[in-house]
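What follows is a single structure, written as structure tokens, with notes after it.
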Amino acid sequence: MFDSGFGGLTVARALIDLLPAEHLVYVGDTGRYPYGPRPLEEVRSFAEQITDVLVQEHDVKLVIVACNTAAATGLERLEQRAGVPVVGVIEPGVRALTRATRSGRAGVIGTVGTISSGAYQHAMTTVAPAIELTCAACPGFVEFVERGETRSDQVTVLAERLLAPVREAKVDALLLGCTHYPFLARTISDVMGRDVTLVSSADETAFEVRRLLEGTALARDPAAGPGRHRWRSSGDIDWFQRLGRQLLGPELDDADPVTWPT
């Protein structure tokens, strides 16, 4: 699986807990984060490059695009390129959001790239067109998480400003449409209020992976023992290992560098 940095660790955590026997390779592209402000075509090229590394160097059987901005560039072409199943976080998140809303007014927050792509709007139209969806871009959230700054006064002030559109829409369920955002869940919940249910796509994505693997030859036998985890970063390895362990847990005990062809 891969993400622009640390956000995808929320998906990794859910996957390790749900499918402990599966081997996992995680690439955090911290050398080129954040993806949100970048043109989608550039993000698509990053996604293809990282997928090539996962398939060619690690012989993976399935790729999880644990980054909403990268998933918003489209998964079909990536799957054709990879030759293995590719799972994104957008559709699983939308399905979870439709189950969470009671009023039929729901919200999605994400990076500028994700929201402007229209991917969530399109997915909701396909899954549950009757739901009134309000979307808001939240530039700056990813940078706070990448600095490990998730409960400061500054991020609270930013959240109050950026979340105003979904608060004014009186949504009762809010999808955290970036895998970094669950690390800001307490701050977001404080701003939105206790009556608003926060939805993360991480658990739903892990369930989607289990559904794809269960009963197939691709699934690893639980009797074979716990899976191995490998963590790779394109940026500062010490920083990735230190902050990643803090965010994920003890499974992130070491990290290796990954470099891209020039």
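The values are calculated or read from the model by the stated rules, or taken from the named source; none is laboratory data. In this text the structure is predicted, and so the values were computed from the model without any measurement. Don't worry about glycine lacking a Cβ; one is built from the backbone with ideal geometry, like all the others, and counts go over all protein chains shown.
Tally up the residues in the stretch 240-253 that are touching a helix residue (DSSP H, G or I) at 6+ places or on another chain (Cβ under 9 Å) and either crowded, with 17+ Cβ neighbours inside 10 Å or β-branched (Val, Ile, Thr) (or both), please. I'd like the intermediate steps shown before the answer.
Filtering the stretch 240-253 for residues touching a helix residue (DSSP H, G or I) at 6+ places or on another chain (Cβ under 9 Å) gives 243-244, 247-249, 251-253.
In the following step, the residues that additionally are either crowded, with 17+ Cβ neighbours inside 10 Å or β-branched (Val, Ile, Thr) (or both) were identified as 243-244, 247-248, 251-252.
Of the residues in the stretch 240-253, 6 are touching a helix residue (DSSP H, G or I) at 6+ places or on another chain (Cβ under 9 Å) and either crowded, with 17+ Cβ neighbours inside 10 Å or β-branched (Val, Ile, Thr) (or both).
Just one of (1) outside the structural domain of Val196 (by TED's automatic domain parsing); (2) touching a residue at least 12 places away in the same chain (Cβ under 8 Å); (3) farther than 21 Å from Arg210 by Cβ trips up Ser45, so point out which.
(2)
Yes or no, residue by residue, for (1) surrounded by 12 or more Cβ atoms within 10 Å (Cβ to Cβ); (2) at pLDDT below 95; (3) of a type in the set (Val, Ile, Thr):
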{"residue": "Glu149", "(1), (2), (3)": "yes, yes, no"}
{"residue": "Val155", "(1), (2), (3)": "yes, no, yes"}
{"residue": "Glu160", "(1), (2), (3)": "yes, no, no"}
{"residue": "Glu168", "(1), (2), (3)": "no, no, no"}
{"residue": "Gly227", "(1), (2), (3)": "yes, no, no"}
{"residue": "Ala255", "(1), (2), (3)": "yes, no, no"}
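Is there a residue in the stretch 30-41 that is within 23 Å of Gln246 (Cα to Cα), part of a loop (DSSP other than H, G, I, E, B) and among the β-branched types (Val, Ile, Thr)? Outline the logic, then answer.
First, pick out the residues of the stretch 30-41 that are within 23 Å of Gln246 (Cα to Cα): 30-35.
Now drop any that are not part of a loop (DSSP other than H, G, I, E, B), which leaves 30-35.
Filter again for among the β-branched types (Val, Ile, Thr), leaving 30.
Yes - at least one qualifying residue is present in the stretch 30-41.
Could you check, for the stretch 92-112, whether at least one of its residues is assigned by TED's automatic domain parsing to the domain that holds Phe183, hydroxyl-bearing (Ser, Thr, Tyr), assigned to a loop (DSSP other than H, G, I, E, B) and more than 19 Å from the chain's Cα centre (by Cα)?
Within the stretch 92-112, one or more residues are assigned by TED's automatic domain parsing to the domain that holds Phe183, hydroxyl-bearing (Ser, Thr, Tyr), assigned to a loop (DSSP other than H, G, I, E, B) and more than 19 Å from the chain's Cα centre (by Cα).
If you go through the stretch 127-144 one residue at a time, do you hit one that is among the aromatic types (Phe, Trp, Tyr), touching a strand residue (DSSP E or B) at 6+ places or on another chain (Cβ under 7 Å) and in contact (Cβ under 8 Å) with a residue 12 or more places away in the chain?
Start the filter on the stretch 127-144 by keeping residues that are among the aromatic types (Phe, Trp, Tyr), which leaves 141, 144.
Adding the requirement that they be touching a strand residue (DSSP E or B) at 6+ places or on another chain (Cβ under 7 Å) leaves none.
Within the stretch 127-144, none of the residues are among the aromatic types (Phe, Trp, Tyr), touching a strand residue (DSSP E or B) at 6+ places or on another chain (Cβ under 7 Å) and in contact (Cβ under 8 Å) with a residue 12 or more places away in the chain.
Can you tell me how many residues within the stretch 158-190 are under 19 Å from Pro92 (Cα atoms) and part of a loop (DSSP other than H, G, I, E, B)?
Selection size over the stretch 158-190: 5.
Inside the stretch 190-201, can you point out the residues that are out of contact with any strand residue (DSSP E or B) (no Cβ under 6 Å at 6 or more places or on another chain) and of a type in the set (S, T, N, Q)?
Ser201
Here is a list: Ala123, Ala136. Which entry is under 22 Å from Thr10 (Cα atoms), modelled with pLDDT of 95 or more, under 17 Å from the mean Cα position of the chain (by Cα) and surrounded by fewer than 21 Cβ atoms within 10 Å (Cβ to Cβ)?
Working: Ala123 fails: surrounded by fewer than 21 Cβ atoms within 10 Å (Cβ to Cβ).
None of the others qualify; the one that does is Ala136.
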